[in-house]
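One structure is given below, encoded as structure tokens.
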Amino acid sequence: MKDIVITSQLTVFETIQELPEDVQNLMEKAIEVRKSAYAPYSKFRVGAAILLDNGEVVLGSNQENAAYPSGLCAERVAIFQAGAIYPEAKILKIAITAASDNSCTDTPVPPCGSCRQSIAEYETRQETPIEIYFMGEIGAIHKSASLRNLLPFIFEKKLL
Ligand code: THU
């Protein structure tokens with residue numbers, strides 16, 4: 001018998017100004033698109049901005065539905081859009097921000113499990129890491145150097 005230990009590492013930036021300039025711009029775009037969230041049920045608005053290696057930025061916000069499970073998270077709206085419009089481009093970075101209409105979210109909000117699984121597919125496919133930056137409405141930003149770092153014991157196509 002043996003244990004398998006996987007460690008995860010995050011880098012903490014205290015403010016947006018501490019981020020590299022391209023990531024600051026990306027996070028500003030995520031903050032802007034967050035306003036387009038359709039979140040009448042949860043009142044929880046999420047924005048995601050994806051930087052591709054062709055220089056394009058693809059955006060997404062969460063889109064809810066009266067049939068709750070039919071809604072979709074911001075990260076998947078963005079990443080599926082990137083895959084559909086620029087199928088040949090590699091995803092370099094994703095910036096994510098979340099804000100509630102009910103209270104001020106000051107803790108970084110990481111992508112949910114389903115979004116991690118969806119992003120994992122693209123990271124595996126392109127064979128290069130995707131940097132993920134996430135924050136709440138205010139406060140610190142957390143950076144994960146890859147999706148794999150956020151999703152240990154990953155389920156991916158080589159297992160099929
Ligand atoms: N949501 C996202 O957009 N991304 C996540 O990673 C977590 C949750 C959305 C889904 C739903 O519209 C609302 O936030 C509350 O769960």
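I need every pair where a residue in region 92-103 that is on the phi < 0 side of the Ramachandran plot and without any contact (Cβ under 8 Å) to a residue 40 or more places away in the chain has its Cβ under 8 Å from the Cβ of a residue that is among the aliphatic types (A, V, I, L, M) and surrounded by fewer than 18 Cβ atoms within 10 Å (Cβ to Cβ), sequence separation at least 6 or different chains.
Filtered contacts from region 92-103: no entries.
Taking interchain pairs and intrachain pairs at least six residues apart, which have beta carbon atoms under 8 angstrom, with the first residue in region 138-157 and modelled with pLDDT of 95 or more and surrounded by fewer than 19 Cβ atoms within 10 Å (Cβ to Cβ) and the second among the acidic types (Asp, Glu) and in a loop (DSSP other than H, G, I, E, B)?
Ile138/Asp106; Gly139/Asp106; Ala140/Glu14
Just name the residue that is surrounded by the most Cβ atoms within 10 Å (Cβ to Cβ) out of those in region 65-91 that are away from the ligand (no atom under 13 Å from the Cβ), aliphatic (A, V, I, L, M) and in contact (Cβ under 8 Å) with a residue 24 or more places away in the chain.
Top of the filtered list is Ile91.
Condition (residue is surrounded by 17 or more Cβ atoms within 10 Å (Cβ to Cβ), within 13 Å of the ligand (Cβ to nearest atom) and assigned to a loop (DSSP other than H, G, I, E, B)) applied to region 118-134: is it met by at least one residue?
no
Count, please, the residues in region 1-52 that happen to be without any contact (Cβ under 8 Å) to a residue 12 or more places away in the chain and loosely packed, with under 12 Cβ neighbours inside 10 Å.
Qualifying residue count for the region: 8.
It is to be established whether one or more residues within region 86-94 are touching a helix residue (DSSP H, G or I) at 6+ places or on another chain (Cβ under 9 Å) and closer than 14 Å to Lys29 by Cα.
Within region 86-94 (the criterion being touching a helix residue (DSSP H, G or I) at 6+ places or on another chain (Cβ under 9 Å) and closer than 14 Å to Lys29 by Cα), the answer is yes, since at least one residue qualifies.
Going residue by residue through region 53-61, is there one that turns out to be within 17 Å of Pro110 (Cα to Cα), in a loop (DSSP other than H, G, I, E, B) and not small (Gly, Ala, Ser)?
no
If you go through region 101-117 one residue at a time, do you hit one that is among the small types (Gly, Ala, Ser), outside any loop (DSSP other than H, G, I, E, B), within 13 Å of the ligand (Cβ to nearest atom) and buried (at least 18 other Cβ atoms within 10 Å of the Cβ)?
No, every residue in region 101-117 fails to be among the small types (Gly, Ala, Ser), outside any loop (DSSP other than H, G, I, E, B), within 13 Å of the ligand (Cβ to nearest atom) and buried (at least 18 other Cβ atoms within 10 Å of the Cβ).
Anything in region 23-48 that is within 9 Å of the ligand (Cβ to nearest atom) and farther than 16 Å from Lys143 by Cβ? List them, or say none.
Taking region 23-48 first, the residues within 9 Å of the ligand (Cβ to nearest atom) are 37-39, 41-48.
Residues satisfying the conditions are Ala37, Tyr38, Ala39, Tyr41, Ser42, Lys43, Phe44, Arg45, Val46, Gly47.
The values are calculated or read from the model by the stated rules, or taken from the named source; none is laboratory data. Keep in mind that what you see is a predicted model, and the values were worked out from it rather than measured. Counting neighbours? That spans all protein chains shown, and the Cβs are built from the backbone with ideal geometry, glycine included.
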